[in-house]
Amino acid sequence: MSSGSSTSLKLEHVSHHFGSNFVLDDISLDIAPGEVVALVGPSGCGKSTLLNIFGGLLQPTKGHVLMHGEPRSDCLNPLTYVFQDFALLPWRTVAGNISLGLEGKMRDEDARRERIGEMLRLTGLADFANAYPKQLSGGMRQRVGIARALAVRPACLFMDEPLSALDAQTRTLLLEEFAMLIARAAITTVYVTHNLNEALRLAHRIVVLSRRPGRIKAIVGIDLPIEARREGDPDLVVAEKRLWSMIRDEASAADRELDDAR
Amino acid sequence: MRAEVLVPFRAAGFSPRHHAWSGVATLALVILAWQGGSATGLIPDLFLPSPLAVARALWRLTLSGELRTNLLASVLRLAVGWTLGTMIGISVGIAVGIFTLARSPVLALVSALFPIPKIALVPLFIIWFGIGEGSKFATLAIGVFFPTVISTYSGIDNVQRNLVMMGQSFNLSTWSIVRKIMLPGALPSVLAGFRITISVAIILLVAAEMIGADSGIGAFILAAGNLYRTDDLIAGVVILSLLGLSLSAILTRIERAAFSWR
Ligand SMILES: Nc1ncnc2c1ncn2[C@@H]1O[C@H](COP(=O)(O)OP(=O)(O)O)[C@@H](O)[C@H]1O
Ligand SMILES: [Mg+2]
């Protein structure tokens with residue numbers, strides 16, 4: 001994949017309530033073209049809510065999202081998601097699931113097949129084209145999720161804890177792959193996680209949210225290029241310490257909170 | 001300390017297995033006992049004719065062409081009535097599953113009309129649609145319609161919301177979401193509904209044919225009963241049982257083919 005995304009995103013004074021549950025409090029945030037931003041924060045602080053607002057899957061109570069910059073001409077779906085629970089169609093094969101976002105937009109059947117083949121190779125799924133999701137491990141399923149998302153050449157990519165449903169070993173392996181895929185594709189990306197390790201591995205900037213109602217508590221930039229990051233890098237260790245000290249108290253307080261919606 | 005004891009296996013049972021041969025053997029045994037009862041005079045002939053007498057009646061009816069004529073008439077009514085009710089039922093069920101405007105009004109009507117035994121309405125249908133085929137088709141279609149609406153919309157209700165949101169995130173059209181996500185997701189419930197509607201249709205078929213028809217298995221059974229020809233009567237009942245069995249076998253085939261992904 002070439003050139004990358006030239007689309008920027010801007011949240012302006014976004015607040016959200018679910019009934020009486022005040023979830024997000026006046027969030028404003030700019031994301032530059034091709035930038036990877038990680039959203040971290042304690043569970044229940046509104047990360048998923050914010051991500052859904054970003055891509056137009058949820059109408060915020062207040063505020064709005066602006067998208068700037070014409071998507072590339074081969075972009076079939078500017079705002080594209082990768083879901084925590086994969087959201088694969090169980091009655092479609094791997095190739096069929098990847099095809100879903102292309103159908104109706106890529107009329108030429110040969111071009112479509114070629115694109116699917118390209119995505120299968122890119123994500124290491126070439127041998128699984130005709131398998132059904134049920135036959136795949138969690139890691140393989142999420143590979144389908146990212147293949148489906150990248151297939152439409154998105155301008156912006158939204159990933160909601162894409163590795164959280166996986167076991168620790170798979171998560172480590174897939175994190176490496178995702179970091180490389182995201183860095184190479186250079187798509188404007190918002191990556192939600194509660195795992196600092198993931199955020200440190202693949203984000204240019206890490207946005208820390210407070211516990212509910214979610215507010216931006218801090219933004220930490222990481223200058224080290226994504227391709228050059230290694231486990232145990234001194235810069236990353238320092239950043240991790242800083243982030244963890246910010247999050248720890250919030251997380252333990254959030255853990256003790258009652259949640260009327262759960 | 002006590003001596004070593006063997007840990008007993010305690011998780012046996014509660015997992016019945018399926019043996020086709022034991023089912024067939026049971027049927028054969030019942031028929032054999034019945035034949036024995038008839039041969040020894042334990043079961044009087046007028047009371048219940050022997051299996052052999054029923055087989056002879058079936059053979060006679062096959063040769064005379066009576067069976068063919070009546071079966072053909074019944075199968076035609078079943079096919080037309082069931083298909084009509086199913087197609088309208090699925091369409092209405094989809095509307096209930098998707099549109100707020102259709103939901104409450106249709107569900108109110110369904111709740112009010114579903115409990116009415118449709119057999120009670122057959123005389124009315126004869127007035128409305130004539131004594132001919134029209135009233136038979138209408139009886140079956142209406143009997144099939146209500147359970148189909150219910151199985152379709154509850155199937156759609158059970159399609160995971162996150163799959164729908166995934167479709168929306170890829171900008172699929174409403175019609176694409178219905179066709180590619182809602183309907184395949186609702187299919188198991190719809191096909192389970194077919195099992196119910198097929199037996200409902202057979203019951204209504206016989207009732208309608210008994211009330212106002214001069215052909216069909218129902219009319220044939222009624223005529224045989226009026227003449228105390230119990231061998232013909234049981235022969236007709238056997239045909240109904242075989243009809244139900246074959247339709248259910250066809251449905252099992254369809255289910256296997258449709259759900260290879262499970
Ligand atoms: N569809 C919804 N309806 C009502 N409440 C919701 C809904 N989605 C999330 N919430 C509530 O909003 C809060 C934030 O949820 P979420 O954004 O999922 O948090 P996170 O992703 O950070 O764990 C929680 O209290 C949750 O119960
Ligand atoms: Mg979440």
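The numbers here are math on the coordinates, done by the rules we state, and not lab data. Everything numeric here is computed off the predicted structure, so don't read it as measured data. Here Cβ is always computed from backbone atoms with ideal geometry, including for glycine, and neighbour counts include all displayed protein chains.
Results, tabulated for the structure shown:
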item	result
Overall Cα dimensions of chain A, principal axis frame, Å, largest first	52, 41, 36
Alpha-carbon radius of gyration plus Dmax, which is the widest Cα pair, for the range A:90-152 in Å	10.6, 32
Size-normalised alpha-carbon gyration radius of the protein assembly as shown, reference 2.2 N^0.38 Å	1.35
Among B:Val164, B:Val206, B:Val144, residue whose mean-square fluctuation peaks in a GNM of chain B (springs only between Cα atoms under 10 Å)	B:Val164
Stokes-Einstein D in µm²/s, Kirkwood radius over Cα pairs - the range B:1-69 at 10 °C with 1.306 mPa s viscosity	95
Long-range HN-HN contacts of A:Ala131 with modeled amide H, under 5 Å	A:Val94, A:Ala95
Residue-by-residue Karplus 3J(HN,Hα) for the range B:215-224, coefficients 6.51, -1.76, 1.60, Hz, glycine and proline x	9, x, 4, x, 4, 5, 4, 4, 4, 4
Coordinate range along principal axes, alpha carbons of the range A:68-114, Å, largest first	35, 30, 15
Mean separation of Cα contacts under 8 Å, 6 or more apart, over the residue count of chain A: relative contact order %	28
Per residue, the convex hull volume that the Cα atoms of the range B:5-146 enclose (Å³)	278
Cα lying deepest toward the dipole's positive end in the range A:1-102, options A:Gly46, A:Phe18, A:Gly101, charges on Cβ	A:Gly101
Values of log10 I(q)/I(0), in the order q = 0.12, 0.18 Å⁻¹, for the range A:192-262 under a Debye, Cα-only, solvent-free model	-0.36, -0.71
Hydrodynamic radius by Kirkwood, which averages 1/r over all alpha carbon pairs of chain B, in angstrom	21.9
Only Lys, Arg (+1) and Asp, Glu (-1) charged, at Cβ; chain B dipole about Cα centre in debye	840
Hull shadow area, averaged, the range B:173-226 [alpha-carbon convex hull, nm²]	5.2
Within a Gaussian network of chain A (alpha carbon springs, distance under 10 Å), most fluctuating of A:Thr93, A:Thr61, A:Thr193	A:Thr61
Cα-based equivalent ellipsoid, the range A:1-139: semi-axes from gyration tensor eigenvalues, Å	32, 20, 13
The range A:92-157 and the range B:208-256: distance between their alpha carbon centers, rounded to Å	51
The range A:72-86 versus the range A:13-35: alpha-carbon centroid distance in Å	20
Cα pair count fraction exceeding 26 Å, expressed as % - the range B:134-262	42
Selection from B:Ala73, B:Ala33, B:Ala57 lying farthest towards where the dipole of the range B:1-78 points positive, charges on Cβ	B:Ala73
